[in-house]
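The values are calculated or read from the model by the stated rules, or taken from the named source; none is laboratory data. Note that the structure is a prediction, hence the values are computed from the model and not measured. Please note: Cβ atoms are built from the backbone with ideal geometry, for glycine as well, and neighbour counts cover all protein chains shown.
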Amino acid sequence: MRIDKFLNAVNITKRRTIAQDMIDNKVIKIAGIPVKASRNVKVGDIIEIAYLEKSRFFEVLQIPSQKTIKKEESSLYYKEIQKPN
């Protein structure tokens, strides 16, 4: 699944266009490298979102099979983690 679709599907971003804008501004990274919207997400990837005040890190636990999921089910697909080493 593309990273922009993943961020929207698991409710990290409210809209896919927001995710795409963040990607265009190079604030979303995987393994410390800014990604393109077409980058596929794999289980185990660590996604970094660099907000103005601090970065947040999300570990991908599984890939959703549908376009959107319920907010209560988000924890099945990712977990927020502290800054990895």
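Annotations
- Among the residues of region 6-15, those identified as surrounded by 17 or more Cβ atoms within 10 Å (Cβ to Cβ) and more than 22 Å from residue 82 (Cβ to Cβ) are 8, 9.
- Of all residues in region 24-36, those satisfying the criterion of being surrounded by 15 or more Cβ atoms within 10 Å (Cβ to Cβ) and farther than 24 Å from residue 76 by Cβ are 27, 34.
- Verdict on residue 12 being under 19 Å from residue 76 (Cα atoms), touching a residue at least 40 places away in the same chain (Cβ under 8 Å) and part of a loop (DSSP other than H, G, I, E, B): yes
- Taken as a whole, the condition of being without any contact (Cβ under 8 Å) to a residue 24 or more places away in the chain and either basic (Lys, Arg) or within 21 Å of residue 14 (Cβ to Cβ) (or both) does not apply to residue 80.
- Count - residues of region 35-61 that are assigned to a strand (DSSP E or B) and over 12 Å from the mean Cα position of the chain (by Cα): 1
- Tallying residues that are farther than 16 Å from residue 1 by Cα and in a loop (DSSP other than H, G, I, E, B) within region 66-85 yields 5.
- Whichever residue in region 47-63 is in contact (Cβ under 8 Å) with a residue 12 or more places away in the chain and more than 13 Å from residue 6 (Cα to Cα) and, among such residues, is surrounded by the most Cβ atoms within 10 Å (Cβ to Cβ): 48
- Residue count, region 56-73 (criterion: hydroxyl-bearing (Ser, Thr, Tyr) and farther than 14 Å from residue 9 by Cα): 0
- Within region 64-85, considering residues that are at pLDDT 85 or above and among the β-branched types (Val, Ile, Thr), the one surrounded by the fewest Cβ atoms within 10 Å (Cβ to Cβ): 81
- Test: residue 2 is over 16 Å from residue 57 (Cβ atoms), in contact with a strand residue (DSSP E or B) (Cβ under 7 Å, 6 or more places away or on another chain) and not hydroxyl-bearing (Ser, Thr, Tyr): yes
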